[in-house]
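Just below is one structure, and these are the notes that go with it.
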Amino acid sequence: MGSPSANPTVRRQLGDAVHQNSAFSVTGLLERMFAHTFTGLVYAQIWEDPIVDMEALAIGENDRIVAIASGGCNVMSYLTAGPASVEAVDLSPAHVALNRLKYAAAAHLPTWDDFFAFFGRANDPGNEARYDRFIAPHLDADTRAFWEAPRRPFGKRRITMFADGFYKFGALGQFIGWAHRIAQWNGVDFRQFMASPDMAAQRRFFDEKMLPALNSRVVKFLASNRASLFGLGIPPQQYEALAGAADGDIHAVLVERTRALMCDHALADNYFAWAAFNRGYDPSGNGPLPPYLTREAYETVKANASRASIRNRTVTDFLASCPDASRDCYVLLDAQDWMNDQQLNDLWREITRTARPGARVIYRTAGIETILPGRVTDAVLSRWTYAADRAKGWHRDDRSAIYGGFHLYTLGA
């Protein structure tokens, strides 16, 4: 793994995934800026709801899952369902290192309290010692080199991020940090929101405090700047799809999705709201958590950690190395929003070739509708059944409220 800048394969894969326009165009320049962001840590935690994923996928004990990893909360949570394997891929070397750290931590930290201190509080002064004693001896050389490299020249090791508040790091963590500063400048105190006793109070806070801040000139200006949303992991291609959900008004989309995050689910059940407005999970361990971090799931995750693996590859490249009819579940996150028609068809040919009968594919979109009809060839797409009505219900249940649509396709159903 080492230094991302020293890995031409990573830059080639990122370029293939993101670059759609000439480097001499404005959009092409933004694409290259976004690709550079992905050579480092983008997501310290994933922003897709694994409860919704697992319900849609109906994971069985013999199922082999292929998933884009991001921060890895999804892969780790799928382990609670006891699948035969979860094979993850990601283009960010930092995400690969983070996932491998999680697998090793689940397998080798001695107690749930240690595990929660590491990934639940993620700011415990003892986490560096936990890493050295229990985790580091079980990491591959590249992953260990990543976490033990300095965060900046002559600085502390990267692993010390878990003693300094890991969820404040990465592009998304920094984006949320700036969102908090802008909110404070507009008189918004999220501590009041986190103290809301019920959903009615959450909605009052949004209407009376958050909405005026969102309608400020600075927020409207930032929303109109495509580069300002890189911290959310939104490349130029996806920005257009996001704006399309409100007839081109990106500000209206951001207001509505912030409203959904703050108002559509109770704080007591929504760890995504905790991550956004508290900058981390409930440190007591008694609040809402990703499935893999709960005390009840710890022994299952520990026992199944060896079933998870990750590769620094695109999902299409990985599937090209897999046998026919060998996989059951595919988790594509929102990656297809980035793709042109050729890339979509290459991906779905490999999915269809490697899928067993009854295989399931889930993905999310910045816009509302499924993006496949008219883009993926009928010869491929006609073999899959789209669960339109159920997908809308799962989208409503997704507590992260970031995306416009959730979609499920089933082979041969």
Taking the Cβ-Cβ separation of Ala320 and Ala252 as r and a Förster radius of 51 Å, what is the calculated FRET efficiency to the nearest 0.05?
0.80
As an exercise, take the mean of 1/r over every pair of distinct alpha carbons in the stretch 263-380, invert it, and state the Kirkwood radius in angstroms.
17.4
Using 0.36 nm per residue, how much length does the chain from Asp389 to Asp142 gain when fully extended, once their Cα-Cα distance is taken away?
84.5 nm
Gain upon complete extension [Arg133, Glu369; 0.36 nm per residue less C-alpha separation]:
80.1 nm
What number comes out for the charge environment of Gly404, summing +1 per Lys or Arg and -1 per Asp or Glu over other residues with Cβ under 9 Å away?
+1
Cβ-Cβ FRET estimate between Gln192 and Asn340, R0 fixed at 60 Å, reported to 0.05
0.85
So what is the relative contact order of the stretch 260-349, in percent, for Cα pairs below 8 Å that sit 6 or more residues apart?
15
Considering only protein heavy atoms and a 1.4 Å probe, what is the carbon-and-sulfur percentage of the accessible area of the stretch 292-400?
50
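Where does the stretch 49-114 land on the Kirkwood hydrodynamic radius, alpha-carbon pairs, in angstrom?
In the stretch 49-114 this quantity evaluates to 12.5 Å.
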For Ala325, what is the net charge nearby, where nearby means another residue's Cβ is under 13 Å from its Cβ and Lys, Arg count +1, Asp, Glu -1?
+2
Given R₀ = 30 Å, what would the calculated FRET efficiency be for Gln184 paired with Glu299, taking r from the Cβ atoms and rounding to 0.05?
0.10
Could you provide, to the nearest whole Å², the per residue accessible area of the stretch 87-201 with probe 1.4 Å?
43
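The values are calculated or read from the model by the stated rules, or taken from the named source; none is laboratory data. Only a predicted model underlies this, so the values are computations on that prediction, with no experimental measurement involved. Positions of Cβ are generated from backbone atoms using ideal geometry, with glycine treated the same way; all protein chains shown enter the neighbour counts. For accessibility, only protein heavy atoms count, side chains too; no ligands or nucleic acids. Shrake-Rupley method; radii C 1.70, N 1.55, O 1.52, S 1.80 Å.
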